[in-house]
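Here is the structure we will look at, set down as C-alpha cells.
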C-alpha cells in the first residue's frame with residue numbers, strides 16, 4: 001500500500017498554473033476525481049507531471065508544501081476528470097488527496113490553435129475599444145454555453161465595477177498577448 005507520506009516533495013515550477021482540485025477518490029484502485037477549473041481541461045491530459053498543494057483551509061492536510069504526482073492516465077468521466085498516479089495505488093491514498101490543488105507548468109499546455117487562447121493567458125490583460133478608451137482589465141471569464149464572456153473590472157466614481165463583454169469575433173478585434181491588450185468593438189456605456 002502506498003501512503004500519501006511517500007509523495008515526493010517538489011518545487012512548484014515558476015510557470016505553474018492551478019488547473020483544478022482533487023474532489024475525491026474514484027473506485028478502489030487509487031483513481032481520483034479532479035474538478036477542472038476550465039471547461040476545456042486539455043492541460044490535465046497533456047501533462048504527466050502534476051504538482052499538488054494542500055487545500056488552503058485544511059485542518060490537517062495529508063501533506064505539506066508541494067508534491068509531485070506522476071500521472072499514469074487521465075480521462076474524462078461525466079462532468080469531471082478521473083486520473084491515476086504511480087504514487088497512489090489504493091482508495092485510502094486517493095481519499096487523502098481530497099481538496100488538493102492541482103498545478104501544471106504552463107509550458108506543458110498543448111499549443112493553442114490560431115485565434116484560440118487559454119483563459120489563464122487572458123487574465124490581467126487590458127481591454128481597450130477601437131477609439132483607444134481603456135475599458136478595464138480582464139478579471140475573470142465565464143462560460144455561458146455557446147460563448148465565453150470576459151469579466152472586465154474597472155472603476156466608476158471611485159468604486160469597483162464590472163462589465164461583461166462576449167469573447168466572440170463580432171466584438172473582439174484583436175488579442176495581443178505580448179502587448180497584454182485586447183481591442184474590442186465596445187463602448188463604455190454599453
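What to note about this one:
- Kirkwood estimate for the chain, i.e. one over the average of 1/r between Cα atoms, Å: 18.4
- Label zone at residue 6, where the point sits 7 Å out along the Cα-to-Cβ direction: region 73-89 residues whose backbone N lies under 11 Å: 86-89
- Values of log10 I(q)/I(0) for region 119-184 across q = 0.16, 0.22, 0.25 Å⁻¹ run -0.48, -0.91, -1.14, by the Debye formula with one identical scatterer at each alpha carbon and no solvent.
- Subtracting the Cα-Cα distance of residue 177 and residue 190 from their residue separation scaled by 0.36 nm leaves 2.2 nm.
- Full extension of the chain between residue 49 and residue 14 gives 11.2 nm of extra length, using 0.36 nm per residue less the Cα-Cα distance.
- Rg/Rg_globular for region 62-104, with Rg_globular taken as 2.2 N^0.38 Å and Rg from C-alpha atoms: 1.17
- Here the relative contact order of the chain, from alpha carbon pairs under 8 Å that lie six or more residues apart, stands at 20 percent.
- Averaged over residues, the count of other Cβ atoms within 10 Å places the peptides 169-177, 13-21 in the sequence 13-21, 169-177, highest first.
- Taking a ≥ b ≥ c as the square roots of the eigenvalues of the Cα gyration tensor, region 8-108 is classed as rounded, since a/c falls below 1.5.
Just so you know, all these numbers are worked out from the coordinates, no wet-lab data involved. Predicted model only: the values in this text are computed from it and were never measured. Cβ coordinates were reconstructed from backbone atoms using ideal geometry, including for glycine residues, and neighbour counts include every protein chain displayed.
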